[in-house]
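Chemist: Got a structure for you, written out below as structure tokens; questions coming shortly.
The values are calculated or read from the model by the stated rules, or taken from the named source; none is laboratory data. Only a predicted model underlies this, so the values are computations on that prediction, with no experimental measurement involved. Because the Cβ atoms are built from the backbone with ideal geometry, glycine has one as well, and the counts that use them run over all protein chains shown. When the accessible area is computed, the model is the full protein with side chains, heavy atoms only, and any ligands, DNA or RNA have been set aside. Shrake-Rupley method; radii C 1.70, N 1.55, O 1.52, S 1.80 Å.
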Amino acid sequence: MAAALQNITMAAGKRKPRTAFQRWFRLFAAMLIFTVVGSSAAISGLLVYLGTLPPIEQLENYSPPQVTRVLDRTGRMEITTFKRENRVVVPLSEIPEILIKAFLAAEDEHFYEHFGIDFVAIGRALWTNLKRGRFSQGFSTITLQLPRNIQLTSRERNVARKLRDIVLALQIEKRYSKDQILEFYLNQVYLGSGAFGVKAAAKTYFNKDDLHDLTLSECALLAGLPRAPSMDSPLRNPERALRRRNLVLGRMRDAGHIDSEVYEKTRNEPLHIHPPPLERNRAPYFVEYLKTWLMQQDPELSFDALQSNGYIIYSTLDSSITAICEEELRAGLREAEEKWQQRKIIRLSEDENANAPLQPGDIRLAEIRSVTTDSITVRAAGYTASIPLPARLPYYQPEKILKQGNLVDVRVTSVNRSAGRFEGELFDKAPIQGGVVVLDVKSGEILALCGGYDFYDAETNGQWNRAVQAERQAGSCFKPFVYAIAMESGFTPASVFVDAPVRFANGYTPKNYERQYFGPTTLQVALEHSRNVVTILLYQRLMGQLGTRQLRDRLDAFNVIGSPAWKIPVSDVTVALGSLGVTPLAMAAAYVPFANHGVALQPVCVQKITEVSRTADKEERLVKRFRPAEKVVMSEAGAYQMTHMLRAAVLRGTGRPITRYFDEVRDREPNRPIPQMAGKTGTTNNCTDAWFAGFTPQLVVVVYMGFDQPRSLGPEMTGSYVCIPTWCRIVDRILKTGENWQIAFAEPPGIEYADVEAATGRILAKGEWASGESVLRQVPFRRGSIRPPAE
């Protein structure tokens with residue numbers, strides 16, 4: 001046994017050593033296994049990495065924020081734009097060849113030759129960077145830039161981002177044609193000063209809408225901007241922009257796009273930058289309302305959507321009428337300021353405390369003794385003071401207000417009786433403001449909406465849109481709604497109420513503006529002359545006849561726009577005199593039924609919204625069309641009776657200045673047709689707010705004036721005195737903008753006429769004579785109601 005084991009051991013010791021082939025084979029096998037495993041891991045990792053990349057289909061579906069344009073009612077004038085980014089997308093076919101060549105020379109001269117990665121540019125960049133010892137030249141191609149421009153990758157400078165750009169660029173090149181890639185790029189590239197894409201940049205720097213109007217110099221300048229759009233902007237650094245433009249021109253010459261002669265001539269041209277005027281839209285108050293109104297109509301039309309979706313909004317705005325309203329409102333406010341100043345003498349004469357000793361906190365009228373650039377010296381009740389003036393004076397025409405001998409309101413802060421002096425400050429903080437609204441009677445379209453003197457004047461609260469935000473007491477402008485309900489409840493213009501003192505249980509005693517009573521009075525005369533007592537008595541009668549709930553509902557029917565301030569506390573009879581808050585737009589909408597046969601129309605400020613397809617034909621597609629909601633609030637006959645009475649107010653009553661104004665127009669222009677006009681003045685307690693709401697057969701025009709912080713405009717500063725002159729000038733000029741105006745209010749069927757004795761309401765028999773002033777001529781009645789109800 002021992003011998004056998006020894007033989008086996010000796011045989012094992014004599015085994016042959018491994019050959020070289022065997023060693024290499026084992027090494028090869030190990031390397032093969034490592035390679036397979038490593039490759040599999042690398043491929044798996046790459047696949048996982050590729051899975052984290054955004055899909056390049058976003059290029060096709062990429063919808064960058066585009067500019068929304070707001071046009072006037074003709075569709076020919078742009079009012080304003082809404083934009084998050086200043087960008088207008090255009091097809092490659094609309095981009096001139098010379099502009100394309102400029103960008104290729106500047107950014108990617110081998111664009112049509114490589115597959116997304118330019119190895120020649122990479123080699124050149126590496127050599128340049130090595131020589132300079134720093135990173136000074138990049139090698140991004142247009143395709144490599146595209147993922148960053150549309151935010152498929154970040155803008156961080158690191159290897160991971162570069163890798164993502166390269167992978168995405170290869171995918172883009174595989175999926176899209178070169179022309180498609182170039183079109184994507186030229187519409188997405190940021191070119192400084194807020195401009196994205198070549199179309200927006202052409203407008204931003206050169207005020208050019210057509211890219212074919214760009215010169216060679218301008219094309220080269222735009223092509224030089226992508227590298228450093230902010231630093232190279234010609235608006236910010238014209239010298240850098242000039243150097244960059246010339247560099248692009250040199251590359252265009254080297255590429256054979258221009259010859260040396262053109263190069264030399266163009267590089268010696270100075271920069272010609274013509275940015276568009278500072279954007280101030282043509283109708284800022286209208287536009288602000290439009291944004292809010294669209295959101296109310298459709299939540300998908302939010303301001304964010306308007307800034308992004310590239311809509312075309314066809315508004316209802318009449319640009320000519322708006323310009324007239326803006327000009328005349330400003331002129332009217334300046335005129336009102338002068339009248340306000342003149343009325344201070346009457347205020348002083350009526351002030352029982354004018355000569356009472358001054359007390360801290362008093363608001364007093366003081367006489368101006370002298371004026372300097374920063375103060376005025378005044379005297380009030382025997383005391384003198386130096387009143388400092390603010391840097392911005394609260395007047396439209398301070399030279400007419402702050403002058404020696406004039407009166408000015410001051411607030412007393414302290415009094416030194418022994419020295420006969422006091423300290424104080426100017427009480428006036430802001431000027432008189434106002435608003436104007438013009439509606440189309442037949443369509444309910446807002447033709448003009450002006451909400452103040454100057455939208456862009458922040459110091460006078462310019463951006464507060466008084467046309468839609470100033471909920472001020474309506475005064476007598478509200479009375480027609482009470483009379484309209486009466487016409488629908490069995491009363492007629494000839495119905496008589498006794499204008500005499502009346503006292504309510506709560507102690508309230510209504511008084512007429514004239515501070516006297518007029519005895520038996522027909523409703524027509526009461527409305528003509530805005531008699532408060534008769535209106536209160538009529539309201540009280542309606543409340544008893546209809547009940548408080550039905551009366552409130554009928555009054556609410558005139559709240560066409562749904563104003564929250566239009567709250568009817570029916571039991572409070574002063575509502576009939578206009579004690580509730582109303583905006584000028586709400587007032588204008590409420591008057592439409594009188595001229596529109598009893599049909600109320602909810603005002604609209606947009607006709608339609610479209611969007612332009614991104615195909616070559618650029619076809620407009622309708623997104624939404626708007627039409628006013630209609631509501632019948634009274635009968636045709638009742639509306640016509642109201643129109644007749646409100647015409648009488650203009651012919652003989654508180655609106656008489658309108659008749660005088662247009663009589664003078666007829667004298668100057670005897671062949672000019674003037675439409676019939678109707679309307680009502682409004683003046684609130686202490687002449688705090690002044691109104692006139694008037695209409696023709698086609699237009700409703702409302703003018704409002706008052707201080708933003710309610711205070712008296714002064715004695716006799718009524719709607720007739722303050723607002724009617726502005727109303728007349730607006731309507732006069734509007735009528736000149738067109739022809740074929742409807743002259744007369746259309747008579748509905750079922751109307752018959754009779755002359756009425758003004759003092760008694762008695763219907764005069766045909767042929768019965770009575771003096772002109774005591775008779776109401778041709779009063780309209782519903783057929784069959786020729787006799788008024790007994791009172």
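Chemist: What are the pairs with Cβ atoms under 7 angstrom where one residue, in the stretch 71-88, is closer than 15 Å to Glu611 by Cβ and the other, located anywhere, is part of a loop (DSSP other than H, G, I, E, B) and of a type in the set (Val, Ile, Thr)? Sequence gap at least six, or different chains.
Modeler: The qualifying pairs are Thr81/Val67; Lys83/Val67; Arg87/Val67; Val88/Val67.
Chemist: Please state which of the following conditions Ile658 fails to meet, knowing it meets all the rest: (1) more than 22 Å from Ala486 (Cα to Cα); (2) in contact (Cβ under 8 Å) with a residue 40 or more places away in the chain; (3) over 33 Å from the mean Cα position of the chain (by Cα).
Modeler: Going through (1) more than 22 Å from Ala486 (Cα to Cα); (2) in contact (Cβ under 8 Å) with a residue 40 or more places away in the chain; (3) over 33 Å from the mean Cα position of the chain (by Cα) one by one, Ile658 breaks only (3).
Chemist: Here are the criteria: (1) surrounded by fewer than 19 Cβ atoms within 10 Å (Cβ to Cβ); (2) within 30 Å of Ala458 (Cβ to Cβ). Tell me which single one Tyr289 does not satisfy.
Modeler: Evaluating Tyr289 over (1) surrounded by fewer than 19 Cβ atoms within 10 Å (Cβ to Cβ); (2) within 30 Å of Ala458 (Cβ to Cβ) leaves (1) as the failure.
Chemist: Sticking with this structure for a sec: Residues being more than 17 Å from Phe745 (Cα to Cα), open to solvent by 20 Å² or more (accessible area, probe 1.4 Å) and in a helix (DSSP H, G or I): count how many of those fall in the stretch 642-685.
Modeler: So the answer is 11.
Chemist: Quick check on the stretch 571-586: of everything there that is open to solvent by less than 10 Å² (accessible area, probe 1.4 Å) and in contact with a helix residue (DSSP H, G or I) (Cβ under 6 Å, 6 or more places away or on another chain), which residue is farthest from Gly682 (Cα to Cα)?
Modeler: Leu585
Chemist: Could you give every pair whose Cβ atoms fall below 7 Å, whose first residue belongs to the stretch 359-386 and is part of a loop (DSSP other than H, G, I, E, B), and whose second residue is at pLDDT 95 or above and among the hydroxyl-bearing types (Ser, Thr, Tyr), counting only separations of at least 6 or pairs across chains?
Modeler: Pro360/Thr413; Pro360/Ser414
Chemist: Of the residues that sit in the stretch 608-621 and are modelled with pLDDT under 95 and of a type in the set (A, V, I, L, M), which one is most open to solvent (accessible area, probe 1.4 Å)?
Modeler: Taking the stretch 608-621 as the starting set, the residues that turn out to be modelled with pLDDT under 95 are 611-621.
Retained after the next criterion (residues that are of a type in the set (A, V, I, L, M)): 612, 616.
Values: Val612: 59, Ala616: 88 Å².
If we take residues in the stretch 608-621 being modelled with pLDDT under 95 and of a type in the set (A, V, I, L, M), then Ala616 is most open to solvent (accessible area, probe 1.4 Å).
Chemist: Here is a check on your reading of the model: is Tyr453 over 30 Å from Ile79 (Cα atoms), in contact (Cβ under 8 Å) with a residue 12 or more places away in the chain and open to solvent by 10 Å² or more (accessible area, probe 1.4 Å)?
Modeler: Taking the combined requirement at face value, the residue does not satisfy it.
Chemist: Let me ask something additional. Quickly run through the stretch 752-780 and pick out the residues that are more than 20 Å from Pro520 (Cα to Cα), at pLDDT 90 or above and either of a type in the set (Asp, Glu) or more than 48 Å from the chain's Cα centre (by Cα) (or both).
Modeler: Within the stretch 752-780, Glu752 is the sole residue that qualifies.
Chemist: Moving on to the next point. In the stretch 701-739, which residues are among the polar types (S, T, N, Q) and either under 25 Å from Asp428 (Cβ atoms) or part of a helix (DSSP H, G or I) (or both)?
Modeler: Going residue by residue through the stretch 701-739, those that are among the polar types (S, T, N, Q) are 709, 712, 718, 720, 726, 737.
Gln709, Ser712, Thr718, Ser720, Thr726, listed by residue number.
Chemist: While we're on this one: Considering (1) of a type outside the set (Asp, Glu); (2) assigned to a strand (DSSP E or B); (3) out of contact with any strand residue (DSSP E or B) (no Cβ under 9 Å at 6 or more places or on another chain), say which one Ala331 fails and leave the rest.
Modeler: Here Ala331 meets the rest and fails (2).
Chemist: Considering every residue within the stretch 329-348, establish whether at least one is under 18 Å from the mean Cα position of the chain (by Cα) and under 30 Å from Lys736 (Cα atoms).
Modeler: yes
Chemist: Would you kindly identify the helices (runs of 4 or more DSSP H) lying entirely within the stretch 528-629 that contain at least 1 residues that are at positive phi and of a type in the set (Phe, Trp, Tyr)?
Modeler: Details: elements: 532-546, 548-556, 584-595.
Answer list for the stretch 528-629: none.
Quick grid of which residues meet (1) of a type in the set (S, T, N, Q); (2) closer than 25 Å to Ala380 by Cα; (3) surrounded by fewer than 18 Cβ atoms within 10 Å (Cβ to Cβ); (4) in contact with a Ser or Thr (Cβ under 7 Å, 6 or more places away or on another chain):
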residue: Leu317; (1), (2), (3), (4): no, no, no, no
residue: Ala323; (1), (2), (3), (4): no, no, yes, no
residue: Glu327; (1), (2), (3), (4): no, no, yes, no
residue: Arg330; (1), (2), (3), (4): no, no, yes, no
residue: Trp340; (1), (2), (3), (4): no, yes, no, no
residue: Ser349; (1), (2), (3), (4): yes, yes, yes, no
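Chemist: Within the stretch 450-484, track down each residue that is of a type in the set (Phe, Trp, Tyr) and either assigned to a helix (DSSP H, G or I) or out of contact with any Gly (no Cβ under 9 Å at 6 or more places or on another chain) (or both). Spell out the reasoning first.
Modeler: First, the residues of the stretch 450-484 that are of a type in the set (Phe, Trp, Tyr): 453, 455-456, 464, 478, 481, 483.
Correct list: Phe478, Phe481, Tyr483.
Chemist: Residue under question is Val756, and the condition is that it be out of contact with any Phe, Trp or Tyr (no Cβ under 8 Å at 6 or more places or on another chain) and part of a helix (DSSP H, G or I); does it hold?
Modeler: Numbers: out of contact with any Phe, Trp or Tyr (no Cβ under 8 Å at 6 or more places or on another chain): yes; part of a helix (DSSP H, G or I): no.
Considered against the rule, which asks whether it is out of contact with any Phe, Trp or Tyr (no Cβ under 8 Å at 6 or more places or on another chain) and part of a helix (DSSP H, G or I), Val756 comes out as no.
Chemist: Identify, by number, the condition in (1) open to solvent by 20 Å² or more (accessible area, probe 1.4 Å); (2) within 30 Å of Glu85 (Cα to Cα) that Ile312 doesn't meet.
Modeler: It is condition (1) that Ile312 fails.
Chemist: Of these, Ile172, Ile166, which one is open to solvent by less than 20 Å² (accessible area, probe 1.4 Å), among the β-branched types (Val, Ile, Thr) and either on the phi > 0 side of the Ramachandran plot or assigned to a helix (DSSP H, G or I) (or both)?
Modeler: Ile172
Chemist: Filter the stretch 188-234 down to residues that are assigned to a loop (DSSP other than H, G, I, E, B), of a type outside the set (S, T, N, Q) and over 31 Å from the mean Cα position of the chain (by Cα), then give me how many there are.
Modeler: Selection size over the stretch 188-234: 10.
Chemist: When only residues in the stretch 373-394 that are over 14 Å from Leu426 (Cα atoms) and loosely packed, with under 12 Cβ neighbours inside 10 Å count, which is farthest from the chain's Cα centre (by Cα)?
Modeler: Gly382
Chemist: Let me ask something additional. Looking at the stretch 236-268, which of the residues that are buried (at least 17 other Cβ atoms within 10 Å of the Cβ) and touching a Ser or Thr at 6+ places or on another chain (Cβ under 8 Å) is farthest from Phe103 (Cα to Cα)?
Modeler: Within the stretch 236-268, the match that is farthest from Phe103 (Cα to Cα) is Thr266.
Chemist: To continue, here is another question. Considering only residues of the stretch 349-371 that are touching a Leu at 6+ places or on another chain (Cβ under 8 Å) and modelled with pLDDT of 95 or more, which is nearest to Glu716 (Cα to Cα)?
Modeler: Looking at the filtered set, the residue picked out is Leu365.
Chemist: Just for the stretch 477-524: of the residues that are surrounded by 14 or more Cβ atoms within 10 Å (Cβ to Cβ) and of a type in the set (D, E, K, R), which one is nearest to Leu646 (Cα to Cα)?
Modeler: Across the stretch 477-524, the extreme among qualifying residues is Lys479.
Chemist: Moving to a separate point now. Confirm whether Ile743 is hydrophobic (A, V, I, L, M, F, W, C), modelled with pLDDT of 90 or more and open to solvent by less than 10 Å² (accessible area, probe 1.4 Å).
Modeler: No; evaluated as a whole, the condition is false for this residue.
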